[in-house]
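Colleague: My questions all concern the structure below.
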Amino acid sequence: MKKFQSVIVAAVILSFSIAVFGAEPKREPATIGTAEMKADGTIVLRLRAELPGGGSGEGQLVYPPTHPEYKKILEHVSPIAPGQTVLVRPWPDSPPSASGH
């Protein structure tokens, strides 16, 4: 019974904080898009972001093996092999910059 009361108290506090602060608690998404490796090793990132006001944005970034950031991108999305598509987890800091194609 005591555990049940704790759950109710937590729910009430959460509801109150949402009402007072006007938003749900911020959660980082589990994934932010996909990475596809082409036959030549090029990595194509298709990423999305949720904006604070409720909107969202999407973008595509292309990293050929000659790109200066390629190794860092490959390390982040690994394991991946030519012909595969994998989910991309959020970067610990800000996402890398590249010229999107």
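Only the coordinates and a few stated rules stand behind these numbers; no lab work does. Given the structure is predicted, the values throughout are model-derived calculations rather than measurements.
Colleague: For THR34 and SER78 in the same chain, what is the full-extension length gain: residue separation times 0.36 nm, less their Cα-Cα distance, in nm?
Modeller: Values: separation 44, 0.36 × 44 = 15.84 nm, distance 1.17 nm.
Taking 0.36 nm per residue and subtracting the Cα distance, the gain is 14.7 nm.
Colleague: Something else now. For the range 33-88, just say rounded, prolate or oblate: build the C-alpha gyration tensor, square-root its eigenvalues into a ≥ b ≥ c, call rounded for a/c under 1.5, and beyond that prolate if a/b exceeds b/c, oblate if not. Provide the component values of the computation, followed by the final result.
Modeller: Numbers: a/c = 2.45, a/b = 2.02, b/c = 1.21.
Since a/c reaches 1.5 and a/b is larger than b/c, the shape of the range 33-88 is classed as prolate.
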